[in-house]
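The values are calculated or read from the model by the stated rules, or taken from the named source; none is laboratory data. What you are looking at is a predicted structure, and each value in this text was computed from that prediction instead of being measured. Virtual Cβ from ideal backbone geometry, glycine too; neighbours counted across all protein chains shown. These area figures cover heavy atoms from the full protein model, side chains too; ligands, DNA and RNA do not enter into them. Shrake-Rupley method; radii C 1.70, N 1.55, O 1.52, S 1.80 Å.
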Amino acid sequence: MAILDWKDGDNTVKTRRIKFYSAGDWSCKDSLIEAEKILDSFDLQFEYADINDVLELYNIQLFFREGVYLCEWNMEKRTQYRSLTEQFSKVIGKFASQLCDDNIIEHVCKVINEYTDSFWDVFENYKVYKHISKQTFAKILKIKKEHISVILTHPKTVELYGMKIAELFKQNIGLTKLLLNWYWADRFSGIERRLMFFPKQLTIKDRLEIVSKFIEESVGTEYLDLIANSHNIKNELEIPDKIRLQARRKSEDWKQEYFKTHEGISYNTTVQFNEQQKETIEIKNEGGRCDISYGTQFIRENLDYPTLLNNIIYLFEYTDLFGRCQLVHKHYQLGILERTLGVHVKNEYYTGGAFEQRQAIADMQLMGYINILKQYDIDLENIITWFYKDYLQHEFNIQGFELHMPSKQSTYLEKCRTICAEIESILKQYKYFVENGIIDQDLISMNSTPISIKDIPSLNATKYIYSSESSEILRIMKSVFSDQSIIYSEDMRDNFYLTMRDKSCEKYEFEPQSELDWLIQHDILEVRGKYLVWKSSDMVTLLQDLFYNEVSPYILWKYKSITVTHEAFKRGWIRFGNSLLSEPEQDYFNYILNRKNFGNSLDLRNLYLHGTQGHDEKKHEHHYYKFLELLIVITIKINDDLCVYEENSENI
């Protein structure tokens, strides 16, 4: 329901207007209570003069056409009111038929903001366009430019007045954002996604010229970055490389100028290796600053290859103890501003401050570790080679792995090209091993087709657990674990789960009670005595793991509480997977390596395989470390997969 103010002479009058947003909107009950008064006093013969009164009838009618009623209405009253609202069409039609060139501008100017979409619905559905000339429509556009986003959702109107709409776009470069939002912005950015129709008179050439001019006049970077990252989105308005480069350069220039006189949000991160430090690791986190210090004594005293490789798990935490890569983006780590502000390109890999900081830490950990190992004449590349050529044979009796790491003498450009091919080779060899039980290099060489990361299988029939996309589990996850849960109390922690964890809670402490009742009905909560408790702590632990990590290892639940996974699967809350890399890891690898899935991908694999990497040796060095990180993660994942398979085999 909209609360509105308007002037009546010298007096300000406040009233309420009924607005239909959706069948599930929280305002429905209050709106229908107000609508009941209008329904009870409705007179078909009444002559309506205020366009907002007519549009209010249109909105009331929408409630009944969507089957939205007050609970206290019996079937007789519902039928009576629905029949009555159908008569509203006569009133709306009569009023619409009287709109013409002489009076429509006056009426349009009176339409309240909340009824803009309703007005254009009536304009199209009741064929008001038959009475309105193109010249008058152009005047409406001039006076009410802000209506254009709604007008574009009405195909017949766009078709009839296409030339005037095209002229408006050419004259108002700011409207280019509507094109950009429709073709490239992601739903995540909060932009309304009603189907839009652009006039054929605004040709593809016109649209690209508008985008190019928009780039020239842009202040700020969010839409420039949107254009620059639009390369893997196929639609009728595909941006040429030249325009995307124009946007990228303008964005870089703007940032450079802006930060000469403005301070940004800084994330200070340091990683150091200290010979005098007694503790193996010390971490300090204060106000966006993260300082990590490693004592080198442990490294110095344990120079065997297995321990040096394990350091990347236990010291650097590239993966957790269940082999899940910790370098990936995790949605819950996005701050509320990162989630809601800004414009994001479709198919974007969401990063954010926490992700960028973790990437910087991983880079510094690896560079520092490589330098420490060099003091003892050890190359990390040799450790990785040892894993594939010696360790796998001795530990798992797997023979035939081929790996050719870059030589010390190679430039970083040469190293990048070599390791890039070796990453793909290792993945392909492991795929053939899983499928055939052996590594036959002749068989592998029969097919040179690149393989997709998602197609690398696990030895284990069931490796991962994922949350399903069912509305039920999504609602449970949001209500229990999200900081945007609708459940609240005066003593709320970051979310409902943490509140329940930290103190004993009674049901009356929270609102809305209806959401708690829903969670009780779905066996998440129950009341014992006077306190709320989890119906199954194991189930909540599983869902918590899925919320925060987006994947859970099946083997953990196989021994912890297999009945929980069976129950969750039966309810349609979870699904299983059996790939080498989990889905979050697949997304991360694709973000780093190629443009298959993400518009803002680093695309490192394609840069080096296709010779479009540029000539910056410092950048090649950074990219080489990033490739090394991926190869290390793959190595850890393969070892984990083999260990899990061996453990499963021993327990059959």
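Taking each pair of distinct Cα atoms in the chain once, what is the resulting Kirkwood hydrodynamic radius in Å? Each step should come with its number before you reach the end.
On the way: mean 1/r = 0.0335 Å⁻¹.
Evaluated on the chain, it is 29.8 Å.
Spin-label point model (7 Å from Cα, Cβ direction): what's the ILE451 to SER425 distance in nm?
1.4 nm
Tally up the carbon and sulfur contribution to the accessible surface of the chain as a whole percent, 1.4 Å probe, everything protein left in place.
Values: 15940 of 33090 Å².
C and S fraction of accessible area: 48 percent.
In degrees between 0 and 90, to the nearest 10, how far off the longest principal axis of the chain does helix 51-65 point, with axes built from Cα atoms?
60 degrees
Amide H of ASN600 versus every other amide H placed in the peptide plane: which residues, excluding those fewer than 5 positions away on the same chain, fall under 5 Å?
Residues meeting the criterion, in which the H sits 1.01 Å from N, are TYR349.
May I ask you to order 396-404, 475-483 by the average number of other C-beta atoms within 10 Å around their residues, highest value first?
Numbers: 396-404: 14.6, 475-483: 18.9.
Output ranking for 396-404, 475-483: 475-483, 396-404.
Hey, what angle do you get for helix 134-143 against the long axis of the chain, alpha-carbon based, 0 to 90 degrees rounded to 10?
70 degrees
Taking the Cα of ARG575, stepping 7 Å toward and past its beta carbon, and measuring to each backbone N in segment 452-485: which are under 18 Å?
Only 453-458, 461-477 fall inside the zone, counting backbone N under 18 Å.
Pairing the Cα long axis of helix 162-171 with the longest principal axis of the chain, what angle in degrees results, from 0 to 90 and rounded to the nearest 10?
Helix 162-171 sits at roughly 60 degrees to that axis.
Determine the shape class of segment 131-252: with a ≥ b ≥ c the square roots of the Cα gyration tensor eigenvalues, call it rounded for a/c under 1.5, and otherwise prolate if a/b is greater than b/c, oblate otherwise. Intermediate values should be presented prior to the final figure.
Details: a/c = 1.98, a/b = 1.78, b/c = 1.11.
In terms of gyration-tensor shape, prolate.
For segment 521-652, what is the charge dipole size about the Cα centre, in debye to the nearest 20, if Lys and Arg each add +1 at the Cβ and Asp and Glu each add -1 at the Cβ? Could you put the intermediate results ahead of the total?
Numbers: 15 positive and 19 negative charges, 98 e Å.
So the magnitude is around 480 debye.
Largest first, what is the accessible-area ranking of VAL128, VAL343 with a 1.4 Å probe?
Numbers: VAL128 0, VAL343 25 Å².
Greatest to least solvent exposure: VAL343, VAL128.
With each pseudo-label sitting 7 Å past Cα toward Cβ, what's the GLU282-ILE33 distance in nm, one decimal?
So the two model labels end up 6.2 nm from each other.
So what's the gap between the Cα centers of segment 240-259 and segment 409-443, to the nearest angstrom?
With segment 240-259 and segment 409-443 each reduced to a Cα centre, they are spaced 37 Å.
At a 1.4 Å probe radius, which order do ASP502, ASP379 fall into by accessible area, largest first? Mind dumping the intermediate values first?
Values: ASP502 75, ASP379 25 Å².
Highest to lowest solvent-accessible surface, that is ASP502, ASP379.
Ignoring everything except DSSP H segments at least 4 long, calculate the 222 nm mean residue ellipticity for the chain; use -39,500 (n - 2.57) per segment, divide by total residues, nearest 500. Show your work: numbers first, answer last.
Numbers: 30 runs with 340 residues, N = 652.
Computed mean residue ellipticity for the chain: -16000 deg cm²/dmol.
Would you please give the residues with an amide H less than 5 Å from that of LEU532, counting only those at least 5 places away or on a separate chain, with H modeled from the backbone geometry?
For LEU532, whose amide H was placed from the backbone, the distant partners under 5 Å are CYS505, GLU506, LYS507.
Using a simple spin-label model with points 7 Å from Cα along the Cα→Cβ vector, what separation in nm is obtained for PHE46 and ASP491?
In this crude label model, PHE46 to ASP491 measures out at 5.1 nm.
Would you kindly calculate the translational diffusion coefficient of segment 111-196, applying Stokes-Einstein with the Kirkwood radius from alpha carbon pairs, for 37 °C and a viscosity of 0.692 mPa s, and quote it in µm² s⁻¹ without decimals?
Working: Rh = 13.6 Å.
In µm²/s, the coefficient rounds to 241.
Can you tell me the accessible area per residue over the chain, all protein chains present, probe 1.4 angstrom, in square angstrom? Could you put the intermediate results ahead of the total?
Details: 33090 Å² over 652 residues.
About 51 Å² of surface per residue is accessible.
In square angstrom, rounded to the nearest 10, how much accessible surface does THR612 have for a 1.4 Å probe?
90 Å²
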